[in-house]
Each structure stands twice: as C-alpha cells, then as structure tokens.
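Please read the structure below before turning to the comments.
The values are calculated or read from the model by the stated rules, or taken from the named source; none is laboratory data. If you're wondering where the values come from, they're calculated on a predicted model, not measured in any experiment. Counting neighbours? That spans all protein chains shown, and the Cβs are built from the backbone with ideal geometry, glycine included. SASA here: full protein model, heavy atoms, side chains in, ligands and nucleic acids out. Shrake-Rupley method; radii C 1.70, N 1.55, O 1.52, S 1.80 Å.
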Amino acid sequence: MPTAYPHPQKHLGHAVNYLTGNHEYDIPKETVDGEIAQLRERLESKPSFNPNLTFDPEKHLIKDPSAKVLSLDDLKIKKTRAAPVCDFAATYPFPLLTQEAVDMVLWEALRPEIVEKYGRLPNLAKSATRLDFHVGGHCSRWAPFTQALWNSSELREILESFTKVKMKPLFSAGHFNFSLAEKDATEPPREELLKKYSEQSNGDDVPSSLGMHYDSSTFALVIMAELDENAIGGETGIVTGDNKFVRVPDPKVGSATLIQGMVLKHVATKPVSNSNRVTAVAGFCVAGPEKLDNSLLTSVKPSILPRQNYNEFYNDWVQFRLTNLAEHILHYREQLKTGEQFDQRDFIAHCQEMESYLHKCWDEMEAHYNPPYPPKEFHISYDEL
Ligand SMILES: [Fe+2]
C-alpha cells in the first residue's frame, strides 16, 4: 500500500538513523562528564541517598486535594484535533512528591548506563544547546522506584480526581526534559533577563527543549524535578482557545501539573536564566476494558524522538495496543451475550471503532508513512483544525 511519504527524510524533519540508535543525537561527552555527572554526584552526596530506596506511597506522595482544575470550556477550546476523552484540560501546579522521591526519580534517570542508552538530544528543538536533552523509556526495565510511582493506585486516584475518567500509565511512561545550566557561565543582569522573559509572548517562538506541540498520549503528568531558585521562566506554556499563550504559574520542585495534552497545544519553556530545569513527564491514557485508548505515534516514534530505542519501543507499543484490544473484545463479547434484541447497527459501529483502533496501531509506522514534521496542526489555531 504506497503512501505519499514512504521513507523518513532529514529535510522533512526526521531522524533517519532510527534503526541504529540515532547516535548523531548522542548527548555530547562534555555534557555527560560535566553537568550530568555533577548533578548525579550532588544527588549521591545527600546524607539520605539510598540507591535501593523503594517507593512508598504513604511516605513519598503528597495528597493535596486543593489543586485548581481548568476545563476545556474554561480555556475556550471548542475545536480539537482529536475527540477529547473528557472536559478536563489542565490543573494548576499541585504538590505531589517529597524531595526524597524527586531525587530518586531523577537519580534513576541519570545513571551513566541509562544516559548512554536512553538519553539523546532532541530533534528540532527551539534554540537547544548541548545542555538540552531527553532521557526516557528506561523506567519499565531499569527504574523500579519511578515505575512503582507511575503504577501506584494512590497516584491514579489523585489524577482521576481531576479527570473523572479511569486512567492508566502508558507502556513507556517516563520521559525527562533536561535543560541544564552551563557550568561557570556568566549571566547577564537580572533586569535584562526579566525583559527578555516578558518579551516572550508568542508560544511558537519561545525557546524550549521541545517545540510547540500536542502530545501523542491522552494525558501528561508533568512533575518539576529540578528548578534552580533563581530561575526565570521554565513553566509549561499552553495556548488557549482564543489563541493566547499562557504560562501555568509557579512550578516548584515536587509539584506537578496534569494536562490533556492530546488536545491542548503546549510547550515546555526553557528558563531565560542560566538555570537547571528538569521535568519528569508521564503519559497516561484511559483505562479499559470498556474504552479503547486514543494514543498516537506522531511525536514519539523513533524517527521523530531520537531517544527512543527502536526495538523496545515498538515491541512495547504493539503489546500494549493488542492487549488493550484483546481485553476490550472480551468485555464486549460478554456484553453481547446479555442482549435480547440483536442490534446490527450497534455491532457494525463497534466493529468499525475496533478496526480503526487496529489501523492506528500501524498507520504511522516508518515502514508506511512519514509526513513532514512537525505536522501542520501543531502551528495552526484551534479554529483552523
Ligand atoms: Fe507535551
């Protein structure tokens, strides 16, 4: 079945060596041996540091039910690129993790073997340097503490209290956006930085380690893992239905925001100051078996996101999708048995929904379709969707 774009191409915004590890995006040695090693050593030198720490929801999760929640309606978002799974749009930052938990999550991502295998520079970032990079996809195999956090029922309860839908973490949950301060750099005066910050009013031009985008997962939980006290900027920026660029205010280390990133256009901004900013992001989707998830490959496939490990990513993706579909079919079969009057229209509609789910398992794969990246929808207003 030929398509318009059968092969990834550099000039279309693709990372073309996705089969062999995208090594041209390796994090430079200067950064690995310099700023990354320094950050890791700082974590390891804390008196309480314990590399075998296990996740304890009672001890590590902060339960604060007071977070302010914004609906898509509140943000005046009417048209969306995909059908929203609920009216929830975003929360204001809410305290979620203790410092000990934040340190452990960060340390698990910063171990040398993890940085080497799962860390890469981003593709197509705005004003990125050797100090802006991603680490991710390591949690399910190599980060027991972080993985236990994503899978904890206590975390799920907190998130579901915002969204009011059943949720589960994505198969590859755990992506870290790093923007690190340059060692020994001289900084312009603070007034100059504040001026630069106030001039950043257009979300498309704001420097970031990942440009303006929609997520390929339904929800994104964004936890501030590291932010220097003197940092100016570094918030998550979102675009509202009337095309205004707003920064979600005041992120603190250990605080989190949850967004329905599949339908909310957003950007992770870089601080204008020479500061560390690290966020831990986890994708969540609706949990079955009644509903099928609406996850995409658009911005996470290995030819777009260089840090993806090709084999691990696609094996996990197809396991995740086929398991969801199998559980859904089983659930639907049970339901069918109880009906008295057979409803053909309903059965046809259901089959079509499952067909399109199966189709979405492969229709963005590199062997099939590689349209230019970023797609047009990342840059047009909601009204033009
Ligand atoms: Fe995102």
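What number of residues in region 342-363 are in a helix (DSSP H, G or I), open to solvent by less than 80 Å² (accessible area, probe 1.4 Å) and touching a residue at least 40 places away in the same chain (Cβ under 8 Å)?
Total satisfying the criteria: 3.
Right, residue 19: within 23 Å of the chain's Cα centre (by Cα), open to solvent by 70 Å² or more (accessible area, probe 1.4 Å) and over 30 Å from residue 98 (Cβ atoms) or not?
yes
If you scan region 298-341, which residues turn out to be among the basic types (Lys, Arg) and in contact (Cβ under 8 Å) with a residue 40 or more places away in the chain?
Scanning region 298-341 gives 301, 307, 321.
In the set 201, 208, which member is small (Gly, Ala, Ser) and either at pLDDT 80 or above or under 22 Å from the mean Cα position of the chain (by Cα) (or both)?
208
Going through region 245-262 one residue at a time, which ones are over 13 Å from residue 70 (Cβ atoms) and either in contact (Cβ under 8 Å) with a residue 60 or more places away in the chain or surrounded by fewer than 23 Cβ atoms within 10 Å (Cβ to Cβ) (or both)?
Residues satisfying the conditions are 245, 247, 250, 251, 252, 253, 254, 255, 256, 262.
In the list 232, 238, which residue meets the criterion of being aliphatic (A, V, I, L, M), within 16 Å of the ligand (Cβ to nearest atom) and either at negative phi or open to solvent by 10 Å² or more (accessible area, probe 1.4 Å) (or both)?
238
So how many residues does region 295-313 have that are open to solvent by 20 Å² or more (accessible area, probe 1.4 Å) and more than 16 Å from the ligand (Cβ to nearest atom)?
Selection size over region 295-313: 4.
Kindly provide the set of residues from region 315-332 that are open to solvent by 20 Å² or more (accessible area, probe 1.4 Å) and closer than 29 Å to residue 125 by Cβ, ordered by number.
315, 316, 318, 320
Name the residue that is surrounded by the fewest Cβ atoms within 10 Å (Cβ to Cβ), counting only residues in region 272-289 that are within 15 Å of the ligand (Cβ to nearest atom) and more than 21 Å from residue 133 (Cβ to Cβ).
285
With the structure loaded, tell me whether residue 292 is in a helix (DSSP H, G or I), open to solvent by 20 Å² or more (accessible area, probe 1.4 Å) and among the aliphatic types (A, V, I, L, M) or whether it fails that test.
no
Could you tell me whether any residue of region 175-197 is touching a helix residue (DSSP H, G or I) at 6+ places or on another chain (Cβ under 7 Å), assigned to a strand (DSSP E or B) and not polar (S, T, N, Q)?
yes
So which residues in region 329-351 are of a type in the set (Gly, Ala, Ser) and modelled with pLDDT under 95?
Scanning region 329-351 gives a single hit, 339.
Would you be able to tell me the number of residues in region 211-228 that are within 11 Å of the ligand (Cβ to nearest atom) and within 10 Å of the chain's Cα centre (by Cα)?
Qualifying residue count, region 211-228: 8.
Test residue 206 against the stated conditions and say whether it is free of Cβ contacts under 8 Å to residues at least 60 places away in the same chain and within 15 Å of the ligand (Cβ to nearest atom).
No; evaluated as a whole, the condition is false for this residue.
How many residues are over 27 Å from residue 13 (Cα atoms) and open to solvent by less than 30 Å² (accessible area, probe 1.4 Å) when one looks only at region 25-52?
Residues that pass the stated criteria total 6.
Condition test on residue 269, is it at pLDDT below 95 and either within 16 Å of the ligand (Cβ to nearest atom) or more than 28 Å from residue 43 (Cα to Cα) (or both)?
Here the answer is yes, as residue 269 does meet what is asked.
Of all the residues that make up region 364-385, how many are surrounded by 13 or more Cβ atoms within 10 Å (Cβ to Cβ), among the hydroxyl-bearing types (Ser, Thr, Tyr) and more than 21 Å from the chain's Cα centre (by Cα)?
1
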